[in-house]
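Q: Pasting in a structure now, in structure tokens, and then I'll have a few things to ask.
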Amino acid sequence: VYFLEPANYYPSPFSWHNLTSGEMFGGIALALLAGFLSRVSRGALNHYVHRIFITTSLSVLSFLIVFASGGSIEAHFHVFVVLAIVTLYYDWRLPWVAFVLVILHRLIFNYVEPQWIYHYGQNETALFAHTFFVLLAVTFAVLIAQQGRRSIQALAQANDLLARKVGS
């Protein structure tokens, strides 16, 4: 049994679930696997595939942080931190990868293992609420990534123009 058992002592924000030993060690193994795959994908695959591995690994870590916390609301903010991190790549596709992973996670666990998400069982209303807010965050992450990419391209063009003027 998870030796700290925060849900027994701090019902909010640490929610309702104490991890079993199996859940804890399974989570640690999954986290190590996610980190390992992100590391080995660097240089072995093209840069876009590597960024997908990074996005997937960070999303998996978000799921594990929320699960290990017993589903605390505060731990859910890690999903939004991940969206901010992947936005730094200025690739509009990566927030969508994270979005698909979040929705798949919610859909699968809501119907396969709902007690891992909600102590009372399935909850379609929460599924829609999660989808709405993550979709909203992803929309803004995509807009920021596109703006960042355009800024970099404009700066590169201005730099080329300046180099040509100085060179002539």
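The values are calculated or read from the model by the stated rules, or taken from the named source; none is laboratory data. Quick caveat: nothing in here was measured; it's all calculated off a predicted structure. Ideal geometry is used to build each Cβ from the backbone, glycine not excepted, and the neighbour counts take in all protein chains shown. Surface areas here come from the heavy atoms of the whole protein model, side chains and all, with no ligands, DNA or RNA. Shrake-Rupley method; radii C 1.70, N 1.55, O 1.52, S 1.80 Å.
Q: Return the FRET efficiency for the residue pair Arg150, Ala129: r is the Cβ-Cβ distance, R0 is 30 Å, and the value is rounded to the nearest 0.05.
A: 0.40
Q: Leaving out ligands and nucleic acids, note down the accessible area per residue over the chain with a 1.4 angstrom probe, in whole Å².
A: Here the residues of the chain average 62 Å² of exposed surface.
Q: Express the carbon and sulfur contribution to the solvent-accessible surface of the range 98-168 as a percent, rounded to the nearest whole number, probe 1.4 angstrom.
A: Numbers: 3370 of 4830 Å².
Carbon-and-sulfur percentage of accessible area, whole number: 70.
Q: Continuing with this model, one more query. How much FRET efficiency would the formula 1/(1 + (r/R0)^6) give for Phe25 and Thr139, where r is the Cβ-Cβ distance and R0 is 25 Å, rounded to 0.05?
A: 0.10
Q: Please work out the FRET efficiency for the pair Val49 and Tyr120, using the Cβ-Cβ distance as r and a Förster radius of 41 Å; give the result to the nearest 0.05.
A: Values: r = 40 Å, r/R0 = 0.96.
That pair, Val49 with Tyr120, gives E of 0.55.
Q: Compute the projected area of the convex hull of the Cα atoms of the chain, averaged over all viewing directions, and report it in nm² to one decimal place.
A: On the way: hull surface 48.7 nm².
Averaging across all directions leaves 12.2 nm² for the Cα convex hull.
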